[in-house]
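> Before we start, here is the structure in question, set down as structure tokens.
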Amino acid sequence: ITLLVIMAAIAAFLTYRAYLAISEDSVNFLTAFEWNPQGDPPAFGIGILAFGTVVSSVIAMVIAVPIAVGIALFVSHYAPRKLATPLSYVIDLLAAVPSIIYGLWGALFLVPYLDGLTRWLDQFFGWTV
């Protein structure tokens, strides 16, 4: 019960502070593409953040879903039993690793090798930013 009371107090505090901030907002919070909290009047718009989140989520799903379905079909229907059993254990272990570990691996190891790809993406898809 104490934990629920603490969580409710935190939620009430954050709601109250958010209301104070958004009531000073000079643009529509959900659709504006401007974020300038120090401006006069302040502008809090999360439209560009929401757009970026949706675009990156769609790109991730376009990449991940076919790979996941392909791996699942391979392990369940095409792989020999001697390969399918250890492979399914490895895939289960990969799913158990927290996503922050994959993010750190990508930031520290993968990013330095993707300079050419990022330049190409920026040249042709820079308009999405």
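> So which residues in region 12-32 are at pLDDT 80 or above and in a loop (DSSP other than H, G, I, E, B), if there are any at all?
Passing the criteria: 28, 30, 31, 32.
> Can you give me the ranges of the helices (runs of 4 or more DSSP H) entirely in region 33-108 with at least 3 residues that are farther than 30 Å from residue 19 by Cβ and open to solvent by less than 80 Å² (accessible area, probe 1.4 Å)?
Passing ranges, in order: 47-73, 81-96.
> Six or more apart or on different chains, Cβ under 8 Å: which pairs go from a residue in region 79-99 that's under 18 Å from residue 67 (Cα atoms) to one that's open to solvent by 60 Å² or more (accessible area, probe 1.4 Å) and assigned to a helix (DSSP H, G or I)? Could you list them?
84/76; 91/71
> Same structure, new question: Any residue in region 19-35 that is on the phi < 0 side of the Ramachandran plot sitting within a Cβ distance under 6 Å of a residue that is open to solvent by 70 Å² or more (accessible area, probe 1.4 Å)? List the pairs, counting only those 6 or more apart or interchain.
Pairs that qualify, where the first residue is on the phi < 0 side of the Ramachandran plot and the partner is open to solvent by 70 Å² or more (accessible area, probe 1.4 Å), are 26/41; 27/34; 29/22.
> Restricting attention to region 61-84, does a residue exist that is at pLDDT 90 or above and among the polar types (S, T, N, Q)?
yes
The values are calculated or read from the model by the stated rules, or taken from the named source; none is laboratory data. Quick caveat, the model's predicted, so the values are computed rather than measured. So basically every Cβ, Gly included, is an ideal-geometry build from the backbone, and we count neighbours across all protein chains shown. Please note that ligands, DNA and RNA were not included when accessible areas were found on the heavy atoms of the full protein model with its side chains. Shrake-Rupley method; radii C 1.70, N 1.55, O 1.52, S 1.80 Å.
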